[in-house]
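Novice: Please see the structure below; I have some questions.
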Amino acid sequence: MSTETLFYNFGTETPMREVFDSLGIAEIATKAIHGPCRFRLDAHYVFDQEARYCRIESVSEVGRHLATIFTALLTEQFGDDGFSVTRGLPR
């Protein structure tokens, strides 16, 4: 996997339903910027509630916007300690 892959990891105290909702809001905002067709073609992510992680490919401008908005929402909701984000291979 490339270093343009962002891995978000969440501890047991972080409610994954709220994380999923934030990802949905980030998706809506990114579609508003780029349109639904570009989002469908260029945004690639995986959300795994059981494993408590999300992976976003940030190789395209669309992916970078999705990741930026998602990170901002998570930070606002859970603070800097509510999640971790790393580039490249998952830890």
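Novice: What longest region of the chain stays clear of GluC sites (Glu not before Pro) that DSSP places outside H, G, I, E and B and that have at most 12 other Cβ atoms within 10 Å? Display every interim value, and only then the final one.
Specialist: Working: sites that count: E13, E50.
The reported range is 51-91.
Novice: Related question: Running a GNM on the chain with Cα contacts under 10 Å, which residue among A26, A51, A67 ends up with the highest mean-square fluctuation?
Specialist: Looking only at A26, A51, A67, the largest GNM fluctuation is found for A51.
Novice: Counting each DSSP H run of 4 or more residues in the chain as -39500 (n - 2.57), what helix-only mean residue ellipticity at 222 nm follows after dividing by all residues, to the nearest 500 deg cm²/dmol? It would help to have the intermediate numbers written out before the result.
Specialist: On the way: 3 runs with 44 residues, N = 91.
For the chain, the value works out to -16000 deg cm²/dmol.
Novice: Next up: For region 43-91, rounded, prolate or oblate, judged on the Cα gyration tensor with a ≥ b ≥ c (square roots of eigenvalues), a/c < 1.5 rounded, else prolate if a/b > b/c?
Specialist: Working: a/c = 1.71, a/b = 1.18, b/c = 1.45.
Because a/c hits 1.5 or more and a/b fails to exceed b/c, region 43-91 counts as oblate.
Novice: Sorted by accessible area (1.4 Å probe), largest first, how do Y45, Y8, Y53 line up? Let's see the in-between values first.
Specialist: Numbers: Y45 80, Y8 0, Y53 55 Å².
From most accessible down to least: Y45, Y53, Y8.
Novice: Considering only protein heavy atoms and a probe of 1.4 Å, how much of the accessible area of region 6-91 is carbon and sulfur, as a whole percent? Before the final figure, lay out each step's value.
Specialist: Working: 2740 of 5060 Å².
Answer for region 6-91: carbon and sulfur cover 54 percent of the accessible area.
Novice: Which far-off residues, 5 or more places away or on another chain, put their amide H under 5 Å from the one on T5, with H placed in the peptide plane?
Specialist: Under 5 Å from the amide H of T5 lie the amide H atoms of S58, G88, each far enough along the sequence or on another chain.
Novice: Just to check I understand the Karplus step: with θ = phi - 60° and J = 6.51 cos²θ - 1.76 cosθ + 1.60, what whole-Hz values come out for region 21-27, glycine and proline as x?
Specialist: Values, residue by residue: 4, 5, 4, x, 5, 4, 5 Hz.
Novice: Using a 1.4 Å probe and ignoring any ligands, DNA or RNA, find the accessible area of R52 and quote it in Å² to the nearest 10.
Specialist: 50
Novice: Still on this model: Could you state the angle between the C-alpha long axis of helix 61-78 and the longest principal axis of the C-alpha atoms of the chain, as a value from 0 to 90 degrees rounded to the nearest 10?
Specialist: The answer is roughly 30 degrees.
Novice: For E18 and S84, calculate 0.36 nm times their separation in residues minus their Cα-Cα distance, and state this gained length in nm to one decimal. Can you show the working numbers first?
Specialist: On the way: separation 66, 0.36 × 66 = 23.76 nm, distance 1.56 nm.
Net length gain for the segment: 22.2 nm.
Novice: A further question on this structure: Any chance you could look up the accessible area of R64 with a 1.4 Å probe, heavy atoms only, rounded to 10 Å²?
Specialist: 110
Novice: What list of ³J(HN,Hα) couplings, whole Hz, do you get for region 44-58 from phi and the Karplus terms 6.51, -1.76, 1.60, once you set θ to phi - 60° and write x for glycine and proline?
Specialist: 10, 8, 10, 10, 10, 5, 5, 7, 6, 8, 9, 10, 10, 7, 10
Novice: Can you give the local net charge around T68? Use residues other than it whose beta-carbon is closer than 15 angstrom to its beta-carbon, Lys and Arg +1, Asp and Glu -1. Don't jump to the answer; show the numbers that get you there.
Specialist: Details: positive: K31, R64, R87; negative: E4, E27, D42, E57, E61, E76.
Net of charged neighbours comes to -3.
Novice: Across 10 Å bins from the origin, how do the percents of Cα pairs in the chain run, short distances first?
Specialist: Over the chain, the share of Cα pairs per 10 Å bin runs 18, 52, 28, 2 percent.
Novice: Explain nothing, just compute: Karplus ³J(HN,Hα) = 6.51 cos²θ - 1.76 cosθ + 1.60, θ = phi - 60°, for every residue of region 6-11 in order, whole Hz, x for Gly and Pro.
Specialist: Residue by residue, region 6-11 yields 9, 10, 9, 10, 10, x Hz.
The values are calculated or read from the model by the stated rules, or taken from the named source; none is laboratory data. Computed from a prediction, not measured in an experiment: that's the story for all the values here. Glycine also receives a Cβ, built like all others from the backbone with ideal geometry; neighbour counts cover every protein chain displayed. Remember, those area values only see protein heavy atoms, side chains included, never the ligands or the DNA or RNA. Shrake-Rupley method; radii C 1.70, N 1.55, O 1.52, S 1.80 Å.
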